[in-house]
Structure formats: C-alpha cells, structure tokens
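In what follows, a single structure is set out as structure tokens and then discussed.
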C-alpha cells in the first residue's frame, strides 16, 4: 500500500485542527474542532470503535497528510469526514487515498467494503471529482437540498474484471440496444460466437443475472470451491490459468 493508516487519537488533535481552514470548516461538520467531533461519536451508545466506526490518520512518507472517519450502517460503509492537509490539496491525493481504502479495506478496517456512501456539498467540486475518480457516482440530492449523495458499489468480478466498465453490463443497466450490438460484434469478431441480442444482459459476474458465456466461468467455480471471494485472495494466486486470462482479457477489452 502507498499510505499508512494509523488509528486516530487525541495526540493528533493539534495537527488535524491546523488543517481546518475556512474551506475545510465549510465542507465538514468539524467547525468545533476535529477532536470534539471524534469524542462525540465515540461516546455514542451504539458506537463500537473498530467495528462500526473508524477514524484514521493517513501518512505518506512518514508525514500526516489526511484524516478520515468511516462509519458502518447495516452493510454500507459511510465516509462521514475526509480532510486533506491544505498544502496537499489539488494534487489528486484525495482520490488516491479513497482508491486505496476501497482496494485494501480488509487490511485497513478489518472488513471488506462492497458498498459505500458519502454526502458531498454541491459546491465542493474537488471532493466530487475525488470521489468520482475513486469509483463513487452521484445518485440523489439530499432531502434538504443542500447536499448530494454519492454511492459506491464494488463490481469487481472473481477474475478481477471491472464489470462496471463492461459494455454488456452498461447495456443492461441502460437498456441500450446499441451497446448490446457493440458487445455482440465484439464476441462475434473475437470469439466467433453467434449470440442473440436478447442474451446480452448482465448485472455483473457476482450477481444472479450473469451474461450467458460467463455462467460456466472456471474462475467463478474455482473461487467458490476454494471459498475465496476473488482469485487474488487465493493462496495459490496467481496460478497459470488466471495469469494467462488476465494478461489477455481482464480489463483489456469490451469496456467503456
């Protein structure tokens, strides 16, 4: 991993509060100081630190560059506060930190993030871009009208393919026959498969509605037999089969 994720404690209070400039105070709920925010939530009766609430100081090259608070509600992780040190803003660090959290959540939090949400102010363009680059998408306005709700869902297949960029997957979500025809042409030209257009429907390789050629996927079967969530979680990874397949196809074709 690129960053070090250290549990927050009050010894970092002065450091983090020095990051709460006018911009940070306007876009966060920490105008009374970050430690006040932290103590409030830690002392809530339902909060279990390290189980449904985490606050991490993020270090890069042994220097603190950000802080993030994450809550777990049901099965959804909520990025409730995320502050980057002022002199590190505008350098794509925010999206890089978020991407690392999503990729290595099992090691950072002890839990794998499949679904996540964040609330972002409409005029906080920098945060919108950072979250979008990390894979979050806008899905609704907040009921009070002064904030936007963003959502992330992990669409990584067993083999490592990003289903959210797959032409067949996107065609299904949009019900777009032009995209279905594009995917149909790919399978005809690449694999000489004659698949009817109506078969081009898929909600992702880990869903109950899988594209027909993927139903007999050996990697799905292998992961289930070995009781692992992804090929990369297998102690034998990378085996020759997945190495060859990833080198040729995974995230390399039929994507938008």
Taking the mean number of other Cβ atoms within 10 Å as a proxy for protection, how do you rank 238-249, 165-176 from highest to lowest? 165-176, 238-249
Any idea what the relative contact order of the chain is, in percent, if you count C-alpha pairs under 8 Å spaced at least 6 apart? 12 percent
Divide by every residue of the chain the summed helix terms, -39500 (n - 2.57) for each DSSP H run of at least 4, and state the resulting mean residue ellipticity at 222 nm, rounded to the nearest 500 deg cm²/dmol. -9000 deg cm²/dmol
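Using 0.36 nm per residue of separation minus the Cα-Cα distance, give me the extension gain between residue 149 and residue 232 in nm, one decimal.
26.8 nm
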Distance between Cα centroids, the stretch 51-100 to the stretch 107-144: provide it in whole Å. 11 Å
Separation in nanometres of the label points that stand 7 Å from Cα toward Cβ, at residue 139 and residue 173: 1.0 nm
Extension length gain for residue 123 and residue 198 (0.36 nm per residue less Cα distance), in nm, is 22.8 nm
Distance between modelled label sites at residue 99 and residue 87, nm, 7 Å Cα→Cβ extension: 2.5 nm
Radius, Kirkwood style, for the chain when every pair of distinct Cα atoms is counted (Å): 20.4 Å
Give me the distance in nm between label points sitting 7 Å out from Cα along the Cα-to-Cβ direction at residue 191 and residue 132, one decimal. 3.3 nm
Using only Cα atoms, what is the ratio of the radius of gyration of the stretch 185-233 to 2.2 N^0.38 Å? 1.33
How big is the gap, in Å, between the Cα center of the stretch 197-256 and the Cα center of the stretch 1-48? 40 Å
As a footprinting exposure proxy, order 13, 236 by other Cβ within 10 Å, with the fewest listed first. 236, 13
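Read-outs: derived from the displayed coordinates by stated rules, not from any lab. Just so it is clear, the structure is predicted and the values come from calculations on it, not from any experiment. Quick reminder, even Gly has a Cβ in these numbers, built from the backbone with ideal geometry, and neighbours come from all protein chains shown.
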